[in-house]
Each structure stands twice: as C-alpha cells, then as structure tokens.
Amino acid sequence: MDKTAIASRESLSSGSFPVSRPPLIAPPGSVSRVVWRLYNALRRAAFPQPLLASGSKELDEIRQFAATPSDIDEHLERMFTETLLLRPKLIVELGVRGGASTFVFERAAALCSATLVSVDIDDCSAVSHYARWHFVRGDDVAFAARFQDFCRGRNIAASIDLLFIDTSHYYEHTVREIQSWFPLLSPAAKVMFHDTNMGIAWCRRDGCIQWSWNNHRGVTRAIEEHLHTRIDETKGGVQYADGWLIRHVPYCNGFTILDRVGS
C-alpha cells in the first residue's frame, strides 16, 4: 500500500432526497450512556477476548482495529474475508463516517489490486491513503446517476463487484439506493448491508449491550421488497430469493450479505 499516494477526491451536490445522519442515541455524558459503557467494560474485563494471530498482516490489523468496540466491529473480519473470497476489481462503499469499513476494504482492495470508491455526505477524504481510492462527497443516490461517467473519466470499468451500504438506515433512502446502484452491479456481485437488525438496545455476540435506535426495519424492508421475500432479522440464517443467496447475522445492529447466484 502506497502511503504517499493522494486519493482522488470529489464533491457532489445533494440530490432531491433529504440525506441526513441517523439520530444520536444516548449522547456523551448521559446517565444511560455511562451505565451502558460501565456494564460493557465490566463484562469485557470479566470475559476478555484474546487476539489470535492469523498469519496475515492485514487480518491481524483488522482484528486489532476491531478490538475497539463500535456498532460494526463484530462484522469487520467477515467483511474482509468475504471480500478476499470474491476477488473484486471494483468496490463501492456507500457510507464512510469514521472509516471503519474503509479500513477493511482498503486492505482487501490492496491484496486484490482493486479500485475502491467511497461516498459520504461529510468530508471523509482523510480516512484513507490507499493509492487506488477515490472519495466522493455527496448524496450517493445522486452520484449513482453519473457513476458511469465518473468511471469512464478515470479508466475504471464501471461494473461493481462489491457494494457496501451503510448510510442513513432509512427505508426510503435504502429503496432508492437499491434502485440506483443494483443496475450497476457485475454478474457475480456481492452486496453487504449493515444495520439490518436495529432496536433501542440489543445484545452483541460478545454478550455486551448495543445501544442503538429503531429504524422500523428500514433497511431490511427495502431488501425484502426488492427480492420479494421475508427476512427474520432477529435470527441468523441463509435463504434464497429472486436469484440471490441471502445470509444474515442478527448481532451488532445486523449484517446481511447478498450473493448473486442466478436462477
């Protein structure tokens, strides 16, 4: 990975859909947040999770990064391994924020010699120095309309092998993301959705408490409607619908992977 490389950066004006960050639950300093963090700290002290060496520098870095709890840390290793198995040439990441997912995808992209395109409504242009990273600031739905022109101008084949969606978590926005981005997917594409099992408080896989907010199944409903199926987001499982293999894990706000496998 070339740490001196300067990634491509663009700004894009917002489309007609009002794009916003999800609400902040239990703000810093609140009693509920203090109690929640104290419980989790005590549990982690009582049941420590050892960091095991994998033999891969990149995977060890991701495990170390994921040792800091977040709303997505329990999915980071899965995201890395799923990406490596796919061997993508083009990865598109919708939603960057603090750069946790970018941290994973840039390492997988480097091993696969892939291009990584990230989109966020805020300026996240400093989160990566991967040589083949392009950051676009703006509404991802609006950007989808000009994505092919964007790729053409950078000599990138505009066929998305891996699409990651972790943006507003609202139903209407997710519906438009699916409508806008799925036509740009490659024939053997993989799509990852975060926040497919959200509620006020949920248990994590490590037994700690996940404090969140209720998006009324927004992301999951959008997936269900597109694939004409029903997903029980409270349970992990595998199912098939409309040419896609659906794999879902319920913990850490939920994570759902779609693999295009044909009919």
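What follows is calculated from the coordinates using simple rules that are stated; it is not laboratory data. In this text the structure is predicted, and so the values were computed from the model without any measurement. When we count neighbours, we look across all protein chains shown, and the Cβ atoms used for this are built from the backbone with ideal geometry, even at glycine.
Out of all DSSP beta bridges in segment 125-245, what portion is antiparallel? Express it as a percent rounded to 5. Provide the component values of the computation, followed by the final result.
Numbers: 5 of 10 bridges.
Of the beta bridges lying entirely in segment 125-245, close to 50 percent run antiparallel.
For labels at Gln148 and His228 in the simple 7 Å Cα→Cβ model, what's the distance in nm?
Label-label distance for Gln148 and His228, simple model: 2.6 nm.
Compute the projected area of the convex hull of the Cα atoms of segment 102-229, averaged over all viewing directions, and report it in nm² to one decimal place.
Values: hull surface 37.0 nm².
Its average projected convex-hull area is 9.2 nm².
What does the extension gain come out to for Ser54 and Arg260, with contour length at 0.36 nm per residue minus their alpha carbon separation? Walk me through the numbers before you get to the answer.
On the way: separation 206, 0.36 × 206 = 74.16 nm, distance 2.90 nm.
Net length gain for the segment: 71.3 nm.
Kindly write out, for segment 89-101 in residue order, the coupling ³J(HN,Hα) from the Karplus curve 6.51 cos²θ - 1.76 cosθ + 1.60 (θ = phi - 60°), rounded to whole Hz, with x marking Gly and Pro.
3J(HN,Hα) across segment 89-101, in whole Hz: 9, 9, 10, 10, 10, 9, x, 10, 6, x, x, 4, 5.
If we count every other residue with Cβ under 13 angstrom of Lys57's Cβ, Lys/Arg +1 and Asp/Glu -1, where does the sum land?
Numbers: positive: Arg63, Arg107; negative: Glu58, Asp60, Glu61.
My count for the surroundings of Lys57 gives -1.
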